[in-house]
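Written out below as structure tokens is the structure these notes cover.
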Amino acid sequence: MLDFEKDTEKNGAQIPLNDFDGVIDGFINSFLEKITGILFRKIDFDSQSLQTLKEYSENKKIVYISFHSSNISLLILCHLLKKHKIEIPIVALEENPYLMQTVKHVWKRIVRYFKKIFFRKEYPHIFETDYIERKLDEGKSVLISLLSRKFFLRRYMEIQYDSLIYFVNLQKKLDEPVYLLPQMIFWNLNPERTRNLITPQATGDKGFIRGWLTVLRSASPAFVRILSPIDLRKEIENSKTDDTEQIAIRLRNKLLEMDHYEKRSVLGPVLRSKQEMMEKVLYHKDVLDMIEKQAKRENFNEKKLRKKAYNYFKEIAADYSVPVITFFKTILTFIINKIFDGIQYDPEDLNRIREASKKGPLILVPNHRSHMDYLMISYIFYMNRLSCPYIAAGKNLSFFPIGTLFRKSGAFFIRRSFRGMKLYPTVFKQYVRTLVSDGYSIEVFLEGGRTRTGKLVLPKLGFLYYLIEAIYSGYNDDLVFVPIAINYDRILEEKTYSKELRGSSKEAESVSMVISGRKLLKRKYGRVYVTFNDPFTLKEISEGTTDVKKLPDIVANTILRKISEVTVVTPFALATTAMLVSKATGISETVVKDDSVILYSYLKHNNARLSGTLADDPDMSEIIKQVISSYKDDNVLHEVRINNGEKEEVVEDLYSLKDDSRLGISFYKNSIIHYFIPASFTSAALLYLSFINSSRVIPEEDVKKEYNFIKDLFRREFLYSDDEDSGSGINENAYQYFSSDLSLIRNDDKIQIGDNAADNIKLFASIFKDHFESYYIVLNSVLNLKTDKIKKDALINTIRKNALKMYHLEEVGLAEALSLSNYSNAIMMLSDQGILKGGMRDSNNMEIKIENLEKAKDFSEKIRKYLSIL
């Protein structure tokens, strides 16, 4: 028997204080509870919600705020709380949980009801007692159904029965805060649609049978989400009024907003059908006006132009499908588990993104290293119950059947160039505007194509212009940019990139390429590292900017800098950097380890983002062994053997690194090379000036000038951070690092190179030796031209031939210097310097003219001196 406490008598009636209508703790129907556990066994809290629950369920006063009012929703919540050993609420307010209560308790309620009707007996309302207050003091929790249709009218007309008003008043009496934990069930991940007769809704109330059928039929998993807790005491303290009713109204509005934004962050905006999108885009005034103008200007048939616009839309538009995304997730899970050792990311970053999404459509901007990039963000978002983005993908990926799969996973396709086209850009721009207007998240790669070198590619601004123009044209209030860095221990395209950098044509994406790519599934590529920098809005970054035309540049540079800040240093990137500082074909494991320790200490000093393996006192010997083992398995490194009579013996601590492999693995060095810019440029400048002046003591002003020369030389290679691009020419972090072990001594505006510092400084300077050699090759080729005019493709071909000659004559020593990407950037640098004219555009048919031969000679001679000391 339950030992009920008795309330004071009210008109002759007595009621046990834990026997109110909504009481559930101790009164749940065990049969229904078991049925719920069986039929809804796949539903659970997401990991972040479970963490929140465990944190707040210990010694805190908790009130669950449910956005449901059905008995099955309450049963599911109670079942999951018990499953995770968390106490269930003692009572459900503004909800009638009769279906889940025991028969005995329901019978008592019926008897009380008849007594009230026929004998006019009155029973106290739970708010007229101290029951809730006492139970909260005992560590129990309560639940409020915020959206109950049945209880709305009573609460609306009789404010004494408003649960939020009761708890505001209660909080004013208490010293400890009461925490409100908003809770909602997502029955599936189906986006809400403008026209929806068949697809079950993802949220809202459902009966027992309907709820079970929805979960059973759904391609996506159901789950329970706990939203960000609300500290009721702080809400009252921060309120501009002390009026309880007004505080409760604002609190209710805040909770309803949280419900709305959570649905948007998980499900995305209300999803239009492809037909609706087509109607909005193709009937837009700008598209129709362009068709009319082009028809008049070029004497085209307007009907044919409309058909062309229709075909353009079909070529561009995504056809978002949750079942396909769920199917794709299953395939991707298999692939990731097959070829990678997991994905490293911080779930807390996703909470910040979820919060930031309230300010406007998310524009997710990752760097682009691999075809796998397209899949990683959507996969992480899906696994963490965030709405998957629409993805701007190159038209080269639209081939059947991959294009169809991508299109239904949210990809929309863009041509590489709009040159000479009028109607296509208009249709594409209006499609982007419509996505922005409807609030969809969009993923875009600002670099355009994948980087072949591992370095960030300078941004392409066209898509950003369209996004920013959409905001200034009133299609939405703001945009939220999320810079994302993706890095890999090893990439699938390692050998392909190496061939392309040597001059091989890029192989077009096709079905046969996909089929032949099956062999890539036979090995492991290490871990994937995804890091999210802090989101920022267009409004925030445009403050103080008077020239709107400069905004795309400002936004793009900010994004790429933020990507650089959070790019993860992987074990492979660190070890490979140490391997490639020397042109020697022999690699000593001991030397690589020693150099890695020095490079690591610098990265640690500068708070570089490190992988989990490197974060805390790593065993560098073990890390280098693992990297060397992986490279040996792929024939990048080879054991050196000697023939000792009848058998071969392995030479210990020595591996050979063939020239063909250097360019391929330089990708990993280049992925983190930006972290070394301050130390490397400073070291190179010091070595050069020390060599020129035959002195270890150098005026600081000279170092600044030389630092700026190197920075300007490689401006087309790197997007410098604010510190590096401030114009001072000196990076204090680099000086502090070198000063810590007396490698450099600063005194009276002079810098002295320490007695034992030469090796360390040369190590850092040598990181960029391949770039110096690439630029030397280009300058040497330009100086040896027999004409002052040449087509760009012919110049590139001449440079490639000359590079091979210089390499084999040992005028340059690093195989990775023979890089088409570096040659192209060097040509643009020479155009910036006025040495060449016409090398800025990508067109290979463009004519380039030599403008300043003497300046080219000066540059060549100076770089030659740098190489002589490196």
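The values are calculated or read from the model by the stated rules, or taken from the named source; none is laboratory data. Values in this document were obtained by computation on a predicted structure and should not be read as measured data. Using ideal geometry, Cβ is built from the backbone for each residue, glycine included, and neighbour counts are taken over all protein chains shown. Accessible surface areas use protein heavy atoms only, side chains included; no ligands, DNA or RNA. Shrake-Rupley method; radii C 1.70, N 1.55, O 1.52, S 1.80 Å.
Please determine, by comparing only the residues of the stretch 255-292 that are more than 30 Å from Phe223 (Cβ to Cβ), open to solvent by 70 Å² or more (accessible area, probe 1.4 Å) and without any contact (Cβ under 8 Å) to a residue 12 or more places away in the chain, which one is nearest to the chain's Cα centre (by Cα). Filtering the stretch 255-292 for residues that are more than 30 Å from Phe223 (Cβ to Cβ), open to solvent by 70 Å² or more (accessible area, probe 1.4 Å) and without any contact (Cβ under 8 Å) to a residue 12 or more places away in the chain, the one nearest to the chain's Cα centre (by Cα) comes out as Gln275. Among the candidates Lys604, Lys583, the residue that is in a helix (DSSP H, G or I) and open to solvent by 10 Å² or more (accessible area, probe 1.4 Å) is uniquely Lys604.
One line per residue, one yes/no per condition, for (1) of a type in the set (Ser, Thr, Tyr); (2) surrounded by 14 or more Cβ atoms within 10 Å (Cβ to Cβ); (3) at pLDDT 85 or above; (4) over 19 Å from Ile35 (Cβ atoms):
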site: Gln201; (1), (2), (3), (4): no, yes, no, yes
site: Ile209; (1), (2), (3), (4): no, no, yes, no
site: Glu235; (1), (2), (3), (4): no, yes, yes, yes
site: Asp242; (1), (2), (3), (4): no, no, yes, yes
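Sub-9 Å Cβ pairs linking a first residue in the stretch 407-429 that is touching a residue at least 12 places away in the same chain (Cβ under 8 Å) and open to solvent by 60 Å² or more (accessible area, probe 1.4 Å) to a second residue that is aliphatic (A, V, I, L, M) and part of a loop (DSSP other than H, G, I, E, B), at least 6 apart or interchain, are Lys408/Ala318; Arg415/Met421, ordered by first then second residue. Against the test of being within 23 Å of Asp438 (Cα to Cα) and modelled with pLDDT of 90 or more, the options Lys314, Lys338 yield a single qualifying residue, Lys314.
Of all residues in the stretch 334-355, those being within 13 Å of the chain's Cα centre (by Cα) and over 14 Å from Gly526 (Cβ atoms) number 10. Filter the stretch 128-153 down to the residues that are buried (at least 18 other Cβ atoms within 10 Å of the Cβ) and of a type in the set (A, V, I, L, M, F, W, C), then identify the one that is modelled with the lowest pLDDT. So, considering only residues that are buried (at least 18 other Cβ atoms within 10 Å of the Cβ) and of a type in the set (A, V, I, L, M, F, W, C), the one modelled with the lowest pLDDT is Phe151. Considering only the stretch 346-357, I want to know if a residue exists there that is in contact with a strand residue (DSSP E or B) (Cβ under 9 Å, 6 or more places away or on another chain), on the phi > 0 side of the Ramachandran plot and either modelled with pLDDT under 90 or charged (D, E, K, R) (or both). No, because not a single residue in the stretch 346-357 is in contact with a strand residue (DSSP E or B) (Cβ under 9 Å, 6 or more places away or on another chain), on the phi > 0 side of the Ramachandran plot and either modelled with pLDDT under 90 or charged (D, E, K, R) (or both). Tell me, please, whether a residue that is assigned to a helix (DSSP H, G or I) and either among the small types (Gly, Ala, Ser) or under 21 Å from Glu494 (Cβ atoms) (or both) can be found in the stretch 711-724. No, because not a single residue in the stretch 711-724 is assigned to a helix (DSSP H, G or I) and either among the small types (Gly, Ala, Ser) or under 21 Å from Glu494 (Cβ atoms) (or both). None of Val640, Val650 is over 24 Å from Asn367 (Cβ atoms), in contact with a Gly (Cβ under 8 Å, 6 or more places away or on another chain) and among the β-branched types (Val, Ile, Thr) except Val640. Set side by side, the residues Ser666, Ser661, Ser656, Ser690 differ, and just one is touching a helix residue (DSSP H, G or I) at 6+ places or on another chain (Cβ under 6 Å), hydroxyl-bearing (Ser, Thr, Tyr) and open to solvent by less than 40 Å² (accessible area, probe 1.4 Å), which is Ser666. Looking across Leu227, Leu213, one residue alone is free of Cβ contacts under 8 Å to residues at least 60 places away in the same chain and crowded, with 18+ Cβ neighbours inside 10 Å. It is Leu227. Entry remark, the stretch 266-296: residues being over 21 Å from Ala470 (Cβ atoms) and small (Gly, Ala, Ser) number 2 in total. Note on the stretch 455-500: residues that are aliphatic (A, V, I, L, M) and either assigned to a helix (DSSP H, G or I) or more than 22 Å from Leu574 (Cβ to Cβ) (or both) amount to 11. Taking the stretch 1-89 and the helices (runs of 4 or more DSSP H) fully enclosed by it, the elements with 2 or more residues that are among the hydroxyl-bearing types (Ser, Thr, Tyr) and either within 30 Å of Ser220 (Cβ to Cβ) or modelled with pLDDT of 80 or more (or both) are at 47-56. Checking the conditions here, which among Glu648, Glu701 is outside any loop (DSSP other than H, G, I, E, B), surrounded by fewer than 19 Cβ atoms within 10 Å (Cβ to Cβ) and at pLDDT 85 or above? Going through Glu648, Glu701 in turn, just one is outside any loop (DSSP other than H, G, I, E, B), surrounded by fewer than 19 Cβ atoms within 10 Å (Cβ to Cβ) and at pLDDT 85 or above: Glu701.
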